Number of protein chains: 2
Amino acid sequence: MRKEKIPDVVVRRLPLYLRAVEDFDRREHVVVSSQELGDFTGLTSAQVRKDLTFFGEFGKQGIGYDVKFLRMQLREILRLTTDVHIGLAGLGNLGKALVHYRVDANSRQRARFPVSPDRLRISAAFDVDPAKVGTVYAGVPVFHIDQLTEKVQEYGLRIMVNAVPAEYAQEVVDRVVASGIKSILNFAPVTLTVPDTVRVHSADLTLELQSLAYYAE
Amino acid sequence: MRKEKIPDVVVRRLPLYLRAVEDFDRREHVVVSSQELGDFTGLTSAQVRKDLTFFGEFGKQGIGYDVKFLRMQLREILRLTTDVHIGLAGLGNLGKALVHYRVDANSRQRARFPVSPDRLRISAAFDVDPAKVGTVYAGVPVFHIDQLTEKVQEYGLRIMVNAVPAEYAQEVVDRVVASGIKSILNFAPVTLTVPDTVRVHSADLTLELQSLAYYAE
DNA sequence: GATTGTGAACGGATTCACAGCA
DNA sequence: TGCTGTGAATCCGTTCACAATC
């Protein structure tokens, strides 16, 4: 079993390493050193080595890391070896943009980097607007939010992206939690309350912009 | 002068305190304790007190913090007492959604919470598409990216939101840096290189989703 | 010679705990 | 009494530095 006390900061750096190693793979490097990974990600080589050894001894002393091997290890650690089905709550402007963001990223990636298909898929969307429910938006079927639990099962949704207006965010998240989902990416500019078995990552643009204002000019 | 070594983690929590104190203000509380602020934000009361004392002694022993006074102090610290003009690079799906995100948030807030107008404004957008340049999108004028430096001056832009495709992100950021802007909110899924006088906050959805996948299910 | 893996040292952020004040 | 402000203690993540190994 994994998950024996891996610090959150380490988990959050793993996708950075994955991105780096896929870039080296694309450029047909066979091995990569912790120094090179550090340069790419903006971290120290010691940091890279220490992070990776949380999960195993992937390198060879005097040589470095085998690119293809490390890439596959990282994908397995992050559970990205099979499709990850994602639900989207709220098909407003932002929700629609997120659908395209993924679709575009995927198709661009498939075309240019066939070796590293992204396994993240928005597989179902949820809204309350009768004009949207029952339609298919850019290939993504749209259901009423009341069907959430049912569709989570049906589509095997493991992550929910919350793009509903702030005033409904907590309510929707409560339903998402009830449906059994354990990972939420939240865009609503509110502090959400969830059981601590559920992980929420927030992309709170208001917070980001307000803290940037401190440094601006 | 401020900015004498305030840790970044502290600055990033300030908007959270602002949000909390505005909520207490809205509910017409006159004073608020560090405990209440901690409950709202999910932090300890000691953390709240220590953070605030980086900027001054805002509280009264035995009483707590005066809500209106603390609110104004936080707005001044974050430089949110006058309009903060923001530029947007890339008016694709995501860029358009961001324009609406702000506009919607602002108008909703104005209607419901006239006491706390948000001072963040997307004042100009930039693209290279001839079909977009010269138009006005949802009240925001759209300029060619070549006019960046000129319009940064003209509109007093202090923050740039980067919503261009990944492959142009570094190039655009180089221009943004050259224009003199010191704060960037980046949505492109790439690691950017900037001088360390420039601050980049990233909203990298790919990274967020990939790290969530680790915890999912 | 090069580079990993890691114990030890370091540093910075969080929490504790209490003196001081309303 | 209640709650702030803060030095001291603690915790935790990062960096150092080097033995082990290819």
Fill in: Filter result (of a type outside the set (A, V, I, L, M, F, W, C) and within 10 Å of DNA strand D (Cβ to nearest atom)) within region A:58-72
A:Gly59, A:Lys60, A:Gln61, A:Gly62
Practice prompt. Filter region A:37-58 down to residues that are surrounded by fewer than 20 Cβ atoms within 10 Å (Cβ to Cβ), over 16 Å from B:Ser211 (Cβ atoms) and within 12 Å of DNA strand C (Cβ to nearest atom), then give me how many there are.
Written response: 12
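Identify the residue in region A:81-109 that is small (Gly, Ala, Ser) and within 15 Å of the chain's Cα centre (by Cα) and, among all such residues, is modelled with the lowest pLDDT.
Ranking the qualifying residues of region A:81-109, first place goes to A:Ala105.
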Item to complete: Assess whether A:Arg26 counts as being among the basic types (Lys, Arg) and surrounded by 20 or more Cβ atoms within 10 Å (Cβ to Cβ).
Response: no
Discussion item. What's the total number of residues in region A:59-103 that are exposed (fewer than 15 other Cβ atoms within 10 Å of the Cβ) and touching a strand residue (DSSP E or B) at 6+ places or on another chain (Cβ under 8 Å)?
Written reply: 3
Worksheet, complete the sentence: Of the residues in region A:20-31 that are away from DNA strand C (no atom under 13 Å from the Cβ) and touching a helix residue (DSSP H, G or I) at 6+ places or on another chain (Cβ under 8 Å), the one that is farthest from the other protein chains (Cβ to nearest Cβ) is A:Asp25
Practice prompt. Could you check, for region A:15-29, whether at least one of its residues is assigned to a helix (DSSP H, G or I), within 11 Å of DNA strand D (Cβ to nearest atom) and not aromatic (Phe, Trp, Tyr)?
Written response: no
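Can we say A:His85 is touching a Gly at 6+ places or on another chain (Cβ under 7 Å) and away from DNA strand D (no atom under 16 Å from the Cβ)?
Considered against the rule, which asks whether it is touching a Gly at 6+ places or on another chain (Cβ under 7 Å) and away from DNA strand D (no atom under 16 Å from the Cβ), A:His85 comes out as yes.
The values are calculated or read from the model by the stated rules, or taken from the named source; none is laboratory data. Keep in mind that this is a model prediction, so the values were computed, not measured. Positions of Cβ are generated from backbone atoms using ideal geometry, with glycine treated the same way; all protein chains shown enter the neighbour counts.
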